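Below is one structure, written out as structure tokens, with a few remarks after it.
The values are calculated or read from the model by the stated rules, or taken from the named source; none is laboratory data. These numbers come from a predicted model, not from an experiment. Cβ atoms come from the backbone with ideal geometry, glycine included; neighbour counts cover every protein chain shown.
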Amino acid sequence: MTATVEHMYCDQCEQVAGGRACTRMGVCGKDPELAGLQDLVVHQLKGIGVLGSRALERGIEIPEDITAFVQEATFETLTNVDFDPDRFHRLLDEGDAAKERLRSLVGEDPGDHPAVTYRPPADPDERLADAMNVGILAEHDLDEDIRSLRQTLVYGMKGMAAYAHHARILGETDPGVDAFFYRGFDAAATSEDADELLGLLMELGETNLRCMEILDRGNTGTFGHPEPTSVPVTVKEGPFIVVSGHDLKDLADLLEQTEGKGVNVYTHGEMLPGLAYPELKKYPHLVGNFGGAWQDQQREFDGIPGAILVTTNCIQKPRDSYVDRIFTTGPAGWPGVEHIPEVDGNKDFSPAIEKALELGGWEEDEEEKRITVGFGHNAVMGVAGDVIEAVKAGDIRHFFLVGGCDGARPGRNYYTEFAEKAPEDTVILTLACGKFRFNKMDLGDIGGIPRLLDIGQCNDAYSAVKIAEALAGAFECDINELPLSMILSWYEQKAVVILLSLLALGVRNIKLGPSLPAFLSPGVLDTLVETFDIAPITEVDADLAEILG
Ligand code: SF4
Ligand code: SF3
């Protein structure tokens, strides 16, 4: 018997109902029960943050498994990652155990903040009742700017948790990144000082640059540097598995396990950049990319004759026509969908492989179409000399970074139109899943330099920053003085933390769309606009005219 929960309040993503908050049912498919459980997990994380901060202040080392737990649990509350209530019940219990251990490590009285003293009751119904007393609505008596700053901090940490989790899987950690989660959750629970919270947001942005750097090191150290690679975006005859999400390690393990089995592997969504890494593309049965961005999955997976493996966001409610052939792993989850667990550091993907063989796959090859991917910082630096010459000669007038998340709203056609209308003497750098709106267009080249350079996943914003810094170095100027404009699209919380990273670097005049975050209060938004000149996207022609003068 489950308690009926009718209310929720979630405003963390761009798809938010009515531009304000999802209060009855999430547009993403998150119901009030799941929203309540996620709020409780965040409440636990705040308690862990307060205790962990005390430990760090006193120079006490926090056990590695607790930090790994904090990052994974935070990641699971990110939009479109995990919809399975059972797993959030487990995270609540694990959080409780982590708090107990931290309490005994700290030794002294940790105070009586409700997030510290909270113990999840054994009865699931009672937990759901507790959920009504935590979350954003429980902070209604707080000043709205403080509440907004705290939320931005939590959402930004959700984004960084994803990157920290991926880096950790590849053996990369950083003490500053790990420590920030404790300090950040502590402040999100206790701080009522706007300056302190704003300072922490900038520090989070800086820390996330470091986090994306260690993830880049993990990815390139394990799989080599991405190389410009022409890849098919059409299907081939035969059994197959489509791999979605961001976890390149899962893709690598699956490629190894499918070798010689007669099963093709396709990337999907944010896994597309995997096709450019030498240690992944060496497998001949990694045959290309299937489909577009996440919001098209229900249509594209409908009745698909192969298996699907989702490693992280974005998962949507599977239709009956493919629920028997979709699998989740890592932080991703959907109730009723088979989850492939990690056991002693290994994952056994046999259920997905068997399903692919049983379904038989596509009956014939499609007429082949290709796109080029793999312009990470290493590849772009390799042609930096040509790029700099082309700018000096006036052949390249301007660079646009058109990057970020995709989503379902009609306003997102802006980004397609932007790529179409960008003048022929401009170059578009892109990253994350928003690029599916224009990455099959042939934009040609400028003296052999492709006009569309796909840098990679959202976390490869690190590559974009390195490229921008290298250009600024070559032209002996500040990033803001470069002929470079950032036109960003956001949907979930990784985009929030990337935006904070760009602001922490001092990047000004970012254009953000398709709408501004609902969780920014008017006061906080004013501060960001005044300090960084962030502006919402308007009309493509007007924005281009303004940027190109
Ligand atoms: Fe709504 Fe987005 Fe929250 Fe889902 S994650 S409930 S769509 S605001
Ligand atoms: Fe896309 Fe979900 Fe954000 Fe890594 S896959 S970017 S939305």
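From the list Leu37, Leu78, the one residue that fits, being within 14 Å of ligand 1 (Cβ to nearest atom), modelled with pLDDT of 95 or more and under 18 Å from the mean Cα position of the chain (by Cα), is Leu78. State which residue pairs qualify: first residue basic (Lys, Arg) and inside the stretch 420-449, second residue part of a helix (DSSP H, G or I) in any location, beta carbons under 8 Å apart, and separation of 6 or more residues or different chains. That search, which allows pairs on different chains as well, returns Lys421/Val540; Lys421/Asp541; Lys421/Leu544; Arg437/Arg412; Arg437/Asn413; Arg437/Tyr415; Arg437/Thr416; Arg437/Ala419.
Considering the conditions (1) surrounded by fewer than 24 Cβ atoms within 10 Å (Cβ to Cβ); (2) within 16 Å of ligand 2 (Cβ to nearest atom), Ile534 is excluded by exactly one of them, (2).
Scan Ile340, Ile353, Ile315, Ile396 and give me the residue that is of a type in the set (A, V, I, L, M, F, W, C), at pLDDT 95 or above, outside the structural domain of Ile304 (by TED's automatic domain parsing) and surrounded by 15 or more Cβ atoms within 10 Å (Cβ to Cβ).
Ile396
Restricting to the stretch 415-445, name every residue that is β-branched (Val, Ile, Thr) and either over 24 Å from the mean Cα position of the chain (by Cα) or surrounded by 18 or more Cβ atoms within 10 Å (Cβ to Cβ) (or both). Listed by number, the residues that qualify are Thr426, Val427, Ile428, Thr430.
Scan the stretch 507-517 for residues that are closer than 25 Å to Glu139 by Cβ and in contact (Cβ under 8 Å) with a residue 40 or more places away in the chain and jot them down. Residues satisfying the conditions are Ser515, Pro517.
For the stretch 462-474, indicate whether the set of residues that are assigned to a strand (DSSP E or B) and over 30 Å from Ser244 (Cα atoms) is non-empty. No, the stretch 462-474 has no match at all. Here Leu149 qualifies as among the aliphatic types (A, V, I, L, M) and more than 18 Å from the chain's Cα centre (by Cα). Scanning the stretch 318-361 for residues that are in a strand (DSSP E or B) and not β-branched (Val, Ile, Thr) returns Phe327, Gly333, Glu338, His339, Glu342, Asn346, Lys347. Considering the stretch 234-248, and only residues there that are more than 23 Å from the chain's Cα centre (by Cα) and part of a loop (DSSP other than H, G, I, E, B), the residue that is farthest from ligand 1 (Cβ to nearest atom) turns out to be Glu237. Inspect the stretch 482-504 for any residue being more than 17 Å from the chain's Cα centre (by Cα) and either surrounded by fewer than 16 Cβ atoms within 10 Å (Cβ to Cβ) or within 16 Å of ligand 1 (Cβ to nearest atom) (or both) and give the result as yes or no. Checked the stretch 482-504: no residue is more than 17 Å from the chain's Cα centre (by Cα) and either surrounded by fewer than 16 Cβ atoms within 10 Å (Cβ to Cβ) or within 16 Å of ligand 1 (Cβ to nearest atom) (or both).
A single member of Arg210, Arg168 is within 25 Å of Lys466 (Cα to Cα) and touching a residue at least 60 places away in the same chain (Cβ under 8 Å), and it is Arg168. Quick one: what pairs do we get from the stretch 518-529, first residue part of a helix (DSSP H, G or I), second acidic (Asp, Glu) and surrounded by 14 or more Cβ atoms within 10 Å (Cβ to Cβ), C-beta under 7 Å, 6+ apart or different chains? Qualifying pairs under 7 Å: Gly523/Asp145; Val524/Asp145. If you go through the stretch 171-181 and keep only what is on the phi < 0 side of the Ramachandran plot and surrounded by fewer than 20 Cβ atoms within 10 Å (Cβ to Cβ), you end up with Thr173, Asp174, Pro175, Gly176, Ala179. In the condition set (1) aliphatic (A, V, I, L, M); (2) assigned by TED's automatic domain parsing to the domain that holds Gly448; (3) free of Cβ contacts under 8 Å to residues at least 40 places away in the same chain, Ile326 is compliant with all but (2). Of all positions in the stretch 138-151, none carries a residue that is of a type in the set (D, E, K, R), touching a residue at least 60 places away in the same chain (Cβ under 8 Å) and surrounded by 22 or more Cβ atoms within 10 Å (Cβ to Cβ). Residues of the stretch 303-320 that are closer than 23 Å to Asp31 by Cα and out of contact with any His (no Cβ under 9 Å at 6 or more places or on another chain): Cys314, Ile315, Gln316, Lys317, Pro318, Arg319, Asp320. Looking across the stretch 1-26, the residues that are β-branched (Val, Ile, Thr) and loosely packed, with under 15 Cβ neighbours inside 10 Å come down to Thr2, Thr4. Just need a number here: residues in the stretch 2-31 that are more than 6 Å from ligand 1 (Cβ to nearest atom), of a type in the set (Lys, Arg) and touching a residue at least 40 places away in the same chain (Cβ under 8 Å). Number of matching residues: 1.
Output the residues belonging to the stretch 475-493 that are in a helix (DSSP H, G or I) and under 22 Å from Asn378 (Cβ atoms).
Listed by number, the list holds a single entry, Ile479.
Cβ-Cβ distances below 6 Å connect the following pairs, each with a first residue in the stretch 297-310 that is touching a residue at least 60 places away in the same chain (Cβ under 8 Å), a second residue that is part of a strand (DSSP E or B) and small (Gly, Ala, Ser), and a separation of six or more residues or different chains: Val310/Ser244. The listed residues are Glu389, Glu368, and the only one of them that is outside the structural domain of Lys249 (by TED's automatic domain parsing) and closer than 26 Å to Phe240 by Cβ turns out to be Glu368.
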